[in-house]
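The values are calculated or read from the model by the stated rules, or taken from the named source; none is laboratory data. Since the structure is predicted, the reported quantities are computational estimates derived from the model, not experimental observations. Glycine gets a Cβ as well: all are built from the backbone with ideal geometry, and neighbour counts include every protein chain shown.
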Amino acid sequence: MGATLIRGARVIDPERNRDSTGDVLIGDGLIRGVSNRPGELAANGAEVVEGEGRILAPGLFDPHVHLREPGAEQKETIASGAAAAIAGGFTSVCCMPNTRPALDVPSLIDFVHLKAERAGMARVFCAGAATVNRAGEELAPIAAMARAGAVAFTDDGDCIASAAMMGRVLQICACAGRAFMQHAQEPSLTSGGVMNAGVVAARLGLGGWPAVAEEVIVERDIRLNRAIGCRYHVQHVSSGTTVDILRQARAAGQPVSGEASPHHLLLTDEACAGYNTQAKVNPPLRTAADMAALVKGVADGSISVLATDHAPHTAAEKARDFNGAPFGMIGLECALALYARALVDSGAIGWDRLVALLTIEPARLCGLVERGVGTMRIGAPADLTLIDPQRKWTIRSAEFASLSRNCPFDGWEVRARATDVWVGGRRLLRDCCAESNPPRRTSDQSTRRTQAA
C-alpha cells in the first residue's frame, strides 16, 4: 500500500493534546509520522494531500448506530450503513443489538464482523444484548460475547426494567471489562406515549412521554452501580434533569457518562407539529430548556460523548399516522455539520473539544483506544478524517448512501463537512471540491481490511 502525506492541516489529536498545524505521514496502512515542523516528514514518492484550511482528526467514531441487519435489510444493511458512515466522516461505528434476531450470542457478533469486513468500508464494532432477545428476563452470555469481540452491552430500544436484573448485568459487565449502555425508559411511565409530554402533545392530541421516565432509571442505575463500578453510559440523553444527575455523579467520581444526539441538540417537540413523523424519535424531542441544558452539559463535560442514534426506517413506515409510525431518524451523513452548528457555531465548545467528543471519548467508553481507535499514535491503524470546517452544503437525504431517507434535517443549509477519509490507510472518501460534486466514496475494494488490530 502506497504512502500518503497529509500536509499543512490543523492536526487535532485529543489523546496527545495536540492542536497545531502539521503533517501526518501514513504508509502500509499505519500512521508513520506526525510533525508540526513543515518538511520534516519526507514524502519519498508519497501521494501528497494538501490540508491547508482543514482539520485532520483521528477517524471519527459513532458508538450508537442501528444497522438493521440481520432481519430488516430493507431499511439498512451492514454494508450500506458502513458506507453511510464513511460519507459522514466516521471511520468506525458500534452497532446496536436490536436486530431480528437480537445480537445475543457470539455467533451473531461474528456474523456482523464478517459482513463488515466484506463490505470494506467503516469498521463495525458490536454492542451485544445484555439479556436474551433483549427481553429483560434472562441474562445473555455476556462473557462469551465479550470474547467474540462485543465492545459493550445494552438492550437498546428497551430498558432493563427490573432493578434486580440490572444489578446482575452491571456486575457481569464489570467483570467482563465492558461498558453497559442504558436506554433509559421506565416503561410504565411511557405506555401510550409517542412524543414529549407537554403543550405540543396536548395540542396535537397525542400521548405524552414524560422526561421523568428517563430520569428515574438513570438515578436508579447510578445507585445500583455505586458498589459495582461498571462503566455506565446513558444513551441519547434528552432531559435537562438527566444532565444534572450525570453532572453530580461524575463530580462524585462515579464511572458514569452520557451521550447527546444531533436532534436533541437542535430540535424541540415543536418539530412534531403537523404530525411530522420524521421528528418522532425515542426518547422524544423535548423543550428548548432541555435542549439548552444538553448544550451546557456538553460544554461543562457532563455529557462526554456524541452519538447519532442512526435509526433507519422505510418511507412507507414513516408515512403512517403519527401513532403508528416507528420511532427514529438517520444521522450518520449529516451529523458532523449539525454538531458544528449546535456546539461550535453557538460558542459552547471549540473544534478541539468537538473532535474529542467524536473520537477519543467514545473510544475510551468502548475500550478501543489500545486498538488505535480515536488516536493518532505512531504505528496505529491509519484511520483519519479530514474536515473542511467552512464547507457550505445542503443536506439532501435523497443523495445519502444509507438505504433510508428519514432525516428531519433534509434541506438544511449547513457548514462543515468531512472531505477525505482513510481507513487502514485506504482513502475511502475523496474530496471533489464543490457542493455540486460532494466528496465521493471510492469504489476500490481490492484491499480488504480486518477489524482494528
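Values as computed for the structure displayed
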quantity	calculated
Test: residue 89 is assigned by TED's automatic domain parsing to the domain that holds residue 393, surrounded by 15 or more Cβ atoms within 10 Å (Cβ to Cβ) and within 21 Å of residue 13 (Cβ to Cβ)	no
Test for residue 44: is it at pLDDT below 95 and assigned by TED's automatic domain parsing to the domain that holds residue 384	yes
Pairs with Cβ under 8 Å, 6+ apart, first in segment 202-229 and more than 22 Å from residue 280 (Cα to Cα), second among the aromatic types (Phe, Trp, Tyr)	221/232; 222/232; 225/232
Candidate set: segment 15-28, residues that are in a strand (DSSP E or B) and either of a type in the set (Asp, Glu) or closer than 30 Å to residue 314 by Cβ (or both); chosen: the one nearest to the chain's Cα centre (by Cα)	19
Among the candidates 143, 127, residue that is assigned to a helix (DSSP H, G or I) and either small (Gly, Ala, Ser) or not assigned by TED's automatic domain parsing to the domain that holds residue 171 (or both)	143
Residue within segment 317-329 that is under 18 Å from residue 407 (Cβ atoms), surrounded by fewer than 24 Cβ atoms within 10 Å (Cβ to Cβ), in the same structural domain as residue 183 (by TED's automatic domain parsing) and among the basic types (Lys, Arg) present	yes
Residue under evaluation residue 158, criteria (1) touching a Lys or Arg at 6+ places or on another chain (Cβ under 7 Å); (2) touching a residue at least 60 places away in the same chain (Cβ under 8 Å); (3) surrounded by 24 or more Cβ atoms within 10 Å (Cβ to Cβ); (4) closer than 30 Å to residue 208 by Cα, criterion not met	(3)
Close pairs from segment 347-369: first more than 10 Å from residue 60 (Cα to Cα), partner acidic (Asp, Glu) and crowded, with 22+ Cβ neighbours inside 10 Å, Cβ under 9 Å, at least 6 apart	365/259
Flag if residue 263 is closer than 30 Å to residue 178 by Cβ and assigned to a loop (DSSP other than H, G, I, E, B)	no
Some residue of segment 304-311 being among the β-branched types (Val, Ile, Thr), touching a helix residue (DSSP H, G or I) at 6+ places or on another chain (Cβ under 6 Å) and outside any loop (DSSP other than H, G, I, E, B)	yes
Output for segment 113-133, where each listed residue is surrounded by fewer than 24 Cβ atoms within 10 Å (Cβ to Cβ), without any contact (Cβ under 8 Å) to a residue 40 or more places away in the chain and under 22 Å from the mean Cα position of the chain (by Cα)	114
Residues (assigned to a helix (DSSP H, G or I) and surrounded by fewer than 18 Cβ atoms within 10 Å (Cβ to Cβ)) located in segment 190-203	199, 202, 203
Residue in segment 372-379 that is over 28 Å from residue 34 (Cβ atoms), basic (Lys, Arg) and surrounded by fewer than 19 Cβ atoms within 10 Å (Cβ to Cβ) present	no
Filter result for the condition that a residue is on the phi < 0 side of the Ramachandran plot and under 12 Å from the mean Cα position of the chain (by Cα), over 85, 46, 72, 42	85
Complete set of residues in segment 10-30 that are buried (at least 23 other Cβ atoms within 10 Å of the Cβ) and touching a strand residue (DSSP E or B) at 6+ places or on another chain (Cβ under 7 Å)	11, 12, 13, 22, 23, 24, 25, 26
Residue satisfying all of: in segment 94-124; part of a loop (DSSP other than H, G, I, E, B) and touching an Asp or Glu at 6+ places or on another chain (Cβ under 8 Å); farthest from residue 174 (Cα to Cα) among these	99
Helices (runs of 4 or more DSSP H) wholly inside segment 327-417 containing at least 1 residues that are under 20 Å from residue 20 (Cβ atoms)	351-358, 360-365
Search result, residues across segment 219-234 that are farther than 12 Å from residue 170 by Cβ and buried (at least 23 other Cβ atoms within 10 Å of the Cβ)	234
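One line per residue, one yes/no per condition, for (1) part of a helix (DSSP H, G or I); (2) assigned by TED's automatic domain parsing to the domain that holds residue 154; (3) under 25 Å from residue 63 (Cβ atoms):
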residue: 206; (1), (2), (3): no, yes, no
residue: 215; (1), (2), (3): yes, yes, yes
residue: 221; (1), (2), (3): yes, yes, yes
residue: 275; (1), (2), (3): no, yes, no
residue: 283; (1), (2), (3): no, yes, yes
residue: 296; (1), (2), (3): yes, yes, yes
